[in-house]
Amino acid sequence: MPRPTVAQLAYGSLTVILSAFAMLLLSRTTSAGWIAVVAVVALALGLLVAMTVPAGRPRTVAVHRPSTGAGAGPAPVSVGVGASGRADEVRRHAA
């Protein structure tokens, strides 16, 4: 499972805090049982929001190496860099 992005963590956390605060204010509950229900619902809503925030596309970094001969150098390499910062795949392009 991929790691959540900063946007997913921010939106999910903000949703949990604001929805719990709003539900507690609107319901005016004082019972521990209903407060627990509100907390569980707020957590579920925050998880739903965090999972629906679109993840960013992987970045592509082009690496060009200078050729040693006249036109007989290696082809440029395109490295896909994912959200975790690691190189996920390497693809060679024809020159």
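Key figures for this structure:
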read-out: Spacing of the two label points (7 Å from each Cα toward its C-beta) at Ala39 and Ser27, in nm; value: 1.2 nm
read-out: Highest average packing first - 31-40, 14-23, Cβ atoms within 10 Å; value: 14-23, 31-40
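Values quoted throughout were computed directly from the atomic coordinates according to the rules given, and no laboratory measurement underlies them. Being a predicted model, the structure only gives us computed values, none of them experimental. Using ideal geometry, Cβ is built from the backbone for each residue, glycine included, and neighbour counts are taken over all protein chains shown.
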